[in-house]
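Contents: one structure, followed by commentary.
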Amino acid sequence: MSLEIQTVESQHDFQKIDFFEKVKVNGELIAAIVSGFFILFGWILEKSGMDIASVVFYLLAFGIGGFAKAKEGLEETVKHKKLNVELLMILAAIGSAIIGYWTEGAILIFIFALSGALETYTMNKSHREISSLMEIQPEEAWLWTNGEIERVHVSELDVGDLILIKPGERVPSDGQIVRGNTSLDEAAITGESLPVSKGAEDEVYAGTLNINGSITVRVTKHNEDTLFQKIIQLVQSAQSEKSPSQLFIERFESKYVNVVLIVVFLMLFVPHFALGWSWNETFYRAMILLVVASPCALVASIMPATLSAISNGARKGVLYKGGVHLEQLSDIKAIAFDKTGTLTKGKPEVANVITREGENSDQVLLTVASIEKHSNHPLANAIVKYAQNKLTDPFINLESVEDVAGRGVKAVMNNESWRIGKEEFIKIKASDQVLVNSAKELANEGKTVVYVQKNDELVAVIALKDMVRQESMKAVDELKKQGLFTVMVTGDNEKTAQVIASESHVQDFIADCLPENKVAHLKELQEKYGSVAMVGDGINDAPALATSNVGISVGDGTDVALETADMILMKNDLLRIPEAIRLSRRMNRIIKQNIFFSISIIALLILSNFSQVIDLPLGVIGHEGSTILVILNSLRLLK
């Protein structure tokens, strides 16, 4: 009974905390709405002839609606020792009240507070991407200890620990499955909506959801080093880093505010003596100028758009380390790709199996796979995997297999001697020439050829190849349609590079590249095309990624590549690159729209004020309305 009461109380406490958190997050909006009601009450009382009571409500509207912006303006002024837009607005509202325009001044505070609340909403919307990520991070894990499981905090997990992950639970740490099969929802990491099947030796990532199977996982990274934590750190870093355009606008703002104050000061006296305006009209027009000349819309032209675009990318599995890189992406004129693991799958696969006439191809493949099963070489693993998928017969048990380092393997089976490996490992005879010619043709196609000899006779050749990803071809085609020059940079020989370049549809290739050569070639591309992006995943790609204007790494790349890159594709899907470039171009287009619109509105309102066409409420609506429209235009980038 006491436990039940305690649970109810804790739920009640949580609801209270949740309520106050919501109030805190939406404080500006609540304050703006409350000030709006006070303005309405004040206006009704003013129309009823109760002027003193109406002033009280207007003062409440000033205090509640303007407190946050006044506090922000004063703190920024003290901190940076320069005036800002917030102070201009507060001064304009106070000036309006001084000359008796209480309603106009209060409306200015209300709309200014409302546009500020909308801008805060945009910021919170972006930060919620992080909050939602952090909420799915498990805090505890089931740890195997001496054959039993116990619940421990994820910070207590060490590399090598075995953890149990039950159906419906999230993976607490990066690791490798040692027992069990399941399907995982990896949307939080890769942006891929479909579940991924996982089994023994497959990698799993912290934050992903285990759907339907119980699995035992060996921890491979400490909690703070997991891919999940890196995603959070990267997006947080991206949100705090400002783009060149934003930095320029902020520098421009401080100088512009000083100019506005000087002009407003002159406006307080010059029209009265030069144009014969009354003192009241002169002061009133100066207050309107203070409002309409403030660059609120201009200041809000960039940051909301950048944050919205970064959030859009994070939701789709594309991370940017800052707005500067997202902005630069639209200027890219050429893009260089690493081959292995980027354009290709990074693992060899069997492409061709050619057997001697009269030999049973399935039996030969079964024998070869049974022998290669005893080797850890990547080519041997690829042949075994191919045979497992193609054949139904069980592998043959062998008593012994001899591994000849760097050349191949040999074994005896049913009194028959088998050799599998390089050409020089096999004793070629004249009668083997047909298969040898086939092997040379396959080698010219950029494939690695494994020779199979039974007794003294060549019975088969097996060609393996690092296959080009289907999505790589589509991505390259998309990039070419966008007007980008595509080139592959690889350490492979020219024949292999030529074949892969043709299959992946890139326009050019550079072969026989060491890491330092990649940097030199990348600089040559920059001299020719200007802005160049580099896509890679390995340690050897890090220098080139750092040299490029925008370095792009795939999610399962090495830690060095991930640290060096400016942009990360959480799933090895190069189709995200043309999408990112479209998003960057769209973002820059919206920013230009915002800047042009805000400057045009400011100029129009200033001219209208000098012509005595608009009064303060219209000036407020035009000024703050343009700010709200600019922010709403930026929010389109969330979709």
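The values are calculated or read from the model by the stated rules, or taken from the named source; none is laboratory data. As the structure is a prediction and not an experimental result, all values here were calculated from the model. Here the Cβ positions follow ideal geometry from the backbone for every residue, glycine too, while neighbour counts run over all protein chains shown. Note: accessible area is taken over every heavy atom of the protein model, side chains too, but ligands, DNA and RNA are not part of it. Shrake-Rupley method; radii C 1.70, N 1.55, O 1.52, S 1.80 Å.
Worth a mention:
- Long-range neighbours under 6 Å by Cβ, at least six apart or interchain, first residue closer than 13 Å to Leu319 by Cα and open to solvent by less than 30 Å² (accessible area, probe 1.4 Å) within region 566-587, second among the β-branched types (Val, Ile, Thr) and part of a helix (DSSP H, G or I): Met570/Ile189; Met570/Thr190
- Val264 being surrounded by 19 or more Cβ atoms within 10 Å (Cβ to Cβ), in a helix (DSSP H, G or I) and among the aliphatic types (A, V, I, L, M): yes
- Screening the candidates Ile599, Ile552, Ile628 for the property of being part of a helix (DSSP H, G or I), of a type outside the set (D, E, K, R) and under 30 Å from Arg315 (Cβ atoms) yields one hit, Ile628.
- Index of the failed condition, Ala411 passing every other in (1) out of contact with any Lys or Arg (no Cβ under 8 Å at 6 or more places or on another chain); (2) touching a residue at least 24 places away in the same chain (Cβ under 8 Å); (3) in a loop (DSSP other than H, G, I, E, B): (3)
- Test: Leu45 is in contact with a Phe, Trp or Tyr (Cβ under 7 Å, 6 or more places away or on another chain), surrounded by fewer than 21 Cβ atoms within 10 Å (Cβ to Cβ) and farther than 20 Å from Ile621 by Cα: yes
- Applying the condition of being acidic (Asp, Glu) and over 11 Å from Gln453 (Cβ atoms) to region 387-441 and asking which residue is modelled with the highest pLDDT yields Glu441.
- The residues listed here are Gln482, Gln498, Gln470; of these, the one that is in contact (Cβ under 8 Å) with a residue 12 or more places away in the chain, surrounded by fewer than 24 Cβ atoms within 10 Å (Cβ to Cβ) and farther than 30 Å from Val436 by Cα is Gln482.
- When Asn381, Asn376 are checked against the criterion of being modelled with pLDDT under 85, within 19 Å of Thr448 (Cβ to Cβ) and open to solvent by 50 Å² or more (accessible area, probe 1.4 Å), a single residue qualifies: Asn376.
- Condition check for Glu579: part of a helix (DSSP H, G or I), under 15 Å from the mean Cα position of the chain (by Cα) and acidic (Asp, Glu): yes
- For Asp477: the one exception among (1) in a helix (DSSP H, G or I); (2) at pLDDT below 90: (2)
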